[in-house]
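Notes follow once the structure below has been shown.
The values are calculated or read from the model by the stated rules, or taken from the named source; none is laboratory data. This is a predicted model, so every value here is computed, not measured. All Cβ positions, even for glycine, are placed from backbone atoms using ideal geometry, and neighbour counts span all protein chains on display. Protein only, heavy atoms only, side chains kept; ligands, DNA and RNA dropped before computing areas. Shrake-Rupley method; radii C 1.70, N 1.55, O 1.52, S 1.80 Å.
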Amino acid sequence: MVNTIKTTCTLDCQDACGVEAEVENNRVVRLRGSKVHPYTEGFLCIRLNRYLDRLYSSERVTSPLQKTKDGWRKISWDNAIDLAASKFRAAVDEYGPASILYFMSSGSFGISNRYNIRLFNKLGGPTVASGSLCLTAGVAGMIQSLGRSICPAPSEMVNSQMIVLWGRNPVAYSVHMVPLIKKARENGAKIILIDPIRNESAKFCDHHYAPKPGGDGYLALAICKYLLEEDKADVEFLKNATLNAEAIERMSQRFSWEQLSVGCGLSEETLREIAMLFSQNHPATICMGRGPQHYKQGAEITRLILAACALSGNLGVKGGGYNYNSDFWGPFDRTLDGGEFATSHRTAPKAIIGEAILNMKEPPIRAAYIHGGNPVTQCPNSQKVARAFRSIDFVTVVDSFLTDTAECADLFLPSAMLLETRDIRAAGWNPYVGPVVPAVQPPEGVKADWEIVGLLAQRLGIEDPYLGHPIEQFLPKALAPIEKYGLNPKNATNEIFRNPESPRTPFEGGVFATPSGKFEFLEEWEPEGDSKADDRYPLRLLSLKYQRYQSSQMLESQQTKSEAIVWLHPETATRFTLKDGEKGRLLSPSGECEVVFALDEELRKDVCLARSGGWMKKGHGINVLTEDILTNSGECSGYYETRVRPVAQS
């Protein structure tokens, strides 16, 4: 007999799809997209369609492991919890609670993982790995100009006259946006791609413009300059809904068209062409991806793109808006993370986590708890990150596979995966929240993250109304804020509901969430330009995610080739005497790796394209090259500041 279980995807993707899992003989045999979820529409992405290979992989670890001088050995859960608890207690007693590093990332976007820190806050407050590797510079820019991070309802896109994919690739990473874009195009909308890379979404775009990496701020300012010079700006919006319109006017006057063209890497004629599209097509939706904010000035670039959106009259209007990210905390009670128990509040940004650990004193990091992430693979400067974790006396990793990070651990605790856990999931770009329901039980010897922190709390003698209790009791408490909107938290743990704090048209009427209640332009901008340019490393490295895998969630057996593949323009390859398919090395200020070169005529000549997520121990860890650079705001990673040099095999 086949049973169908309705659940929600918790992969680190903004879609948060509704999923139907077919179960036969206590095994999931098929996944399909929910037909009743407002945005899933009955289909799933390639990553989820392949997910059962990962769930039932023979590489999955199903027993706690302890590192010995001879390698890993299996131990019981009782012994594993005893060991971890004793090490955490010893670190707190000798060095204080900040000597424990707590690293949580987005391997699972179930909301319960955001509350596991409660255990360590009740110990006094750990050093928290802060910021994000993904999106927080862009979020910071949104908060600074708009007052909050919120997207318009995706359904409004079909009413747009123009959709701008600015560094965004929905075909690869937000596939449920694609039907909306195609519907808008059928309705007459122009679809514009702005990206240094001609990505998979270019096939349904009317225009593709390829600014040089990091040139987005110049391009956005050029749009603003044109709208102001040609009297095409939304004057009423400037007058009634902005705090400091003179700032963007001053900046636009300060930069000449020649300066903007050089900084952007596009001709003056092309800049005016793009700006005219903004002036002639209203309303327009600007969908920004992660790329434009992966520079040191990521927040500032975001604010300049927002300025172009504002000046063209596309904020707070139906069919228009800025689509980047919505704060998933909206319907949840974030105070349940136990922050009131913490006496220490030290942080270590994820983007520079290796450097931070190695340099932290008073107290030094003596223990670490890592879950929901693979920082050695995913953080910039992977070799330094690995060295930093190996310098810690005791590292606990909670995962399902022996990743690069797990290899640096002293204790490995096997965790349950999607389709085996109970949770709640909020989406990142649509307004829906869905229940995460187990379709099957986890394998024997495997426990859910919430259960693991509960066992540790009990062993540490921590009495708590939530830790150590079933997740089913906790989730309605986490959803308590929705009661003020007339929703029942207990019912909401079992059904899809619309986030009541997500309006269809944010900032309608020119009312913003900033302290002034108005849109706030960036006051001044001093672009760094090519200040980091170095003749030894002439190419900008763009390390994009794989479409087929979620970040580093790939099996070792899927990484069979000994070298990573990187792509160059044919003329760039000729410049460095390289041929298609030739083996060689890629060098950066942070490290080097062996690669195979491939050619792509559609690339810019100043770019080297690579794919991130491959494991370092398999020779695919591209982040051995990326520099650990922190954005000016938002504590995000400036991945794309990295420059490289390709070298032929000697």
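Of note:
- Verdict on L603 being part of a loop (DSSP other than H, G, I, E, B) and in contact with a His (Cβ under 7 Å, 6 or more places away or on another chain): yes
- Strands (runs of 3 or more DSSP E) fully within region 1-98 counting 1 or more residues that are closer than 20 Å to V436 by Cα, at pLDDT below 95 and open to solvent by 40 Å² or more (accessible area, probe 1.4 Å): 2-8
- Test for G265: is it closer than 16 Å to D195 by Cα, open to solvent by 20 Å² or more (accessible area, probe 1.4 Å) and of a type in the set (G, A, S): yes
- Filter result for R540 (surrounded by 21 or more Cβ atoms within 10 Å (Cβ to Cβ) and not small (G, A, S)): yes
- Every residue from region 188-207 that is in a loop (DSSP other than H, G, I, E, B), surrounded by fewer than 21 Cβ atoms within 10 Å (Cβ to Cβ) and not small (G, A, S): R198, D206
- Region 459-476 - residue that is over 18 Å from F341 (Cα atoms) and in contact with a helix residue (DSSP H, G or I) (Cβ under 9 Å, 6 or more places away or on another chain) and, of those, most open to solvent (accessible area, probe 1.4 Å): R459
- Residue that is assigned to a helix (DSSP H, G or I), out of contact with any Cys (no Cβ under 6 Å at 6 or more places or on another chain) and closer than 26 Å to P331 by Cβ, where the choices are R148, R185, R114: R114
- Qualifying positions in region 244-262 - under 23 Å from L146 (Cβ atoms) and surrounded by 17 or more Cβ atoms within 10 Å (Cβ to Cβ): A245, A247, I248, E249, M251, S252
- Only one entry in V437, V433, V446 is open to solvent by 10 Å² or more (accessible area, probe 1.4 Å), hydrophobic (A, V, I, L, M, F, W, C) and under 19 Å from Y115 (Cα atoms), namely V437.
- Residue match in region 275-284 (condition: under 24 Å from T631 (Cα atoms), modelled with pLDDT of 95 or more and of a type in the set (A, V, I, L, M)): no
- The single condition among (1) open to solvent by 10 Å² or more (accessible area, probe 1.4 Å); (2) at pLDDT 95 or above; (3) not small (G, A, S) that T405 does not meet is (1).
- Checking each residue in region 155-174 for being surrounded by fewer than 21 Cβ atoms within 10 Å (Cβ to Cβ) and within 19 Å of S551 (Cβ to Cβ) picks out V171, A172.
- Scanning region 174-222 for residues that are out of contact with any Phe, Trp or Tyr (no Cβ under 9 Å at 6 or more places or on another chain) and of a type in the set (S, T, N, Q) yields N187, N199, S201.
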